[in-house]
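Report on the following structure.
The values are calculated or read from the model by the stated rules, or taken from the named source; none is laboratory data. All values reported here derive from a predicted model rather than from experimental measurement. Backbone-built Cβ (ideal geometry, glycine too); neighbour counts: all protein chains shown. For the accessible areas, the whole protein counts, side chains as well, though only heavy atoms, and no ligand, DNA or RNA atoms are used. Shrake-Rupley method; radii C 1.70, N 1.55, O 1.52, S 1.80 Å.
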Amino acid sequence: MAIVDVTDQDRDTRGTGFDVDRIREDFPILRTRLDGPQLVYLDNAATSQKPRLVIDAVSDYYANTNANIHRGVHRLSVQATDAYENARGKIQRFIGAERREEIVFVRGTTEAVNLIAQTFGRTHIDRDDEVIISTMEHHSNIVPWQLLCEERGARLRVVPINDDGEFLLDEYENLLNDRTKLVAVTHIANALGTINPVERIVELAHARGVRVLIDGAQAVPHTEVDVRRIDCDFYAFSAHKMFGPTGVGALYGKLDLLESLPPYQSGGDMIKSVTFEKTIYNDLPHRLEAGTPNIAGAIGFGAAVDYLTAIGMDNIASYEDDLLRYGTKVLSAIPEVRLIGTAREKASVLSFVLEGIHPHDVGTILDQRGVAVRTGHHCSQPVMQRFKVPATARASLALYNTRSEIDALATGLRQVIEVFQ
Ligand code: PLP
C-alpha cells in the first residue's frame, strides 16, 4: 500500500520544518487503496481524516479508563473526569479563551448555534427585532435563526456577497440598526473558502451594542483562532473537521454572557440539587451540558488540539496557502473549469463547475480514479442561488494534501472532460 508520490515541492518548501511526508504517515487512512487507485482525499471541509494520536486517545479511553464522569468517587471515574476536563482546558488554550468555563462541549457546530438560538435568542430577541446573517452561511447558521425569527416574530436580514464571494462590509453596516439583536456569520465559508473580516464585523456590531456569534467550523483546522482578539461573543466549531472525532464540538462564550443564559437542555449533570419544588442549576460549563456527554469524543478532541498545536497553526496556514495557490493555478489552466469563490482572502477550498457537465458526474468519475471530492450544494443553497448554479464540485484541502494530489485532481478532470466530449 504505497502512499501517493510526494514531489520535492511538497516537502518543507518554506523552511518551516513542515514535512508533509511525515504528516501523511500519521493518518492510517491515507494509505488506503480504493479497489485499485490510491485514495486522494479532498473532502476535508465535510470531515477531515484522523491521525493515529486521536484514534489512540479514543481507544485508550475505552480500553483503560472508561467510566462516567463528575459523579464518581472511584478511581476510573476520577481519571475519566480528569481526561475530559483536561480536554476542555486544551481547547480553551487553543482558541485563546480566558477561562475553562467559557468552553461548553456540544455535539458540533450545529448544536452550538441551536444552543445560542434557543437560549440567548429566546431571551433577547422579540417581535420586530432583527438577526443578521450572510449569503454565504452553511444551513446550520441559517435555519436555527429562521426558526427563531418565526417563533419570536423577528426578522432575518442577509448581508449580500459580491461575484468573488466576498462579504460586503458596506451593506452590512447599512443593515445594522437599533433593532439588530444578533449578528451570526461564518469565519470561513464552506462552499467558497472566503475568509471573512470577523474582527471588523464584530467591531461594527459592538459599536451598536450588538452581540456576535462566529461559526468557526471551517476556520479552526486552517488558521490560528484567538477569540479574545476577534472579541466575538460566541464562537462555534466541530472536532471532526479539525482531525478529531465526530459527534463532539465546542461552543465558546464570554463568561458573563454564558452566565446569563437560561438552561438549554435539562437533566443530569446540569443541576446542583433537585426537589419536586425547586431545582438549583450547576455552575458553568456543566449547566449547559445536560446528560452523559461524548466523553471519548472530548478526549479525542483534546488529542486533535495537541496534534495541531505540535505542528503549529502558522505552519499549517502557510503550507495550505501555498497549496491553494497551486490548486488555483492548476485548475484555472483548464478552460472548462469555472471557479466559484475567488475571494482575495481565501482558505483551503476549490469549488468549481465544469462547463456543461453536472457536478455529480464529475464527482462519480473522479471517485473511480480514487479522488474524493464533494458535489452538491454543500448545505449552502443560497450560495448556489447567488452564483446561479445547481451545485458545485468542491475539493477542500487539509494539511496532509500535496501538490501531487492536486495534479491527480486535474488529470481526473481532464479525463471527465474527455468522457463528455
Ligand atoms: N458551519 C459550517 C461553515 C460548516 O462547514 C459546517 C459543516 O460542514 C457546519 C457549520 C455544521 O457542522 P456540523 O455538521 O459539524 O455541526
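Numbers for the structure displayed
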{"read-out": "Every residue from segment 248-280 that is part of a strand (DSSP E or B) and within 17 Å of residue 115 (Cα to Cα)", "value": "249, 250, 251, 252, 253"}
{"read-out": "Filtered residues of segment 310-344 (kept if under 17 Å from the mean Cα position of the chain (by Cα) and open to solvent by 30 Å² or more (accessible area, probe 1.4 Å))", "value": "317"}
{"read-out": "Candidate set from segment 95-121 (those that are open to solvent by 30 Å² or more (accessible area, probe 1.4 Å) and in contact with a Gly (Cβ under 9 Å, 6 or more places away or on another chain)); member that is farthest from the ligand (Cβ to nearest atom)", "value": "100"}
{"read-out": "Long-range neighbours under 6 Å by Cβ, at least six apart or interchain, first residue within 19 Å of residue 51 (Cα to Cα) within segment 389-417, second assigned to a loop (DSSP other than H, G, I, E, B) and modelled with pLDDT of 95 or more", "value": "396/44; 396/45; 398/44; 398/48; 400/27"}
{"read-out": "Residues of segment 329-351 satisfying the condition of being of a type in the set (A, V, I, L, M, F, W, C) and closer than 14 Å to residue 163 by Cα", "value": "339, 340, 343"}
{"read-out": "Residue 389 vs. criteria β-branched (Val, Ile, Thr), assigned to a loop (DSSP other than H, G, I, E, B) and over 23 Å from residue 31 (Cα atoms)", "value": "yes"}
{"read-out": "Qualifying residue in segment 330-345 (condition: part of a helix (DSSP H, G or I) and in contact (Cβ under 8 Å) with a residue 24 or more places away in the chain)", "value": "yes"}
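Quick grid of which residues meet (1) more than 27 Å from the chain's Cα centre (by Cα); (2) at pLDDT below 95:
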site: 1; (1), (2): yes, yes
site: 12; (1), (2): no, yes
site: 16; (1), (2): no, yes
site: 26; (1), (2): no, no
site: 45; (1), (2): no, no
site: 50; (1), (2): no, no
site: 56; (1), (2): no, no
site: 62; (1), (2): no, no
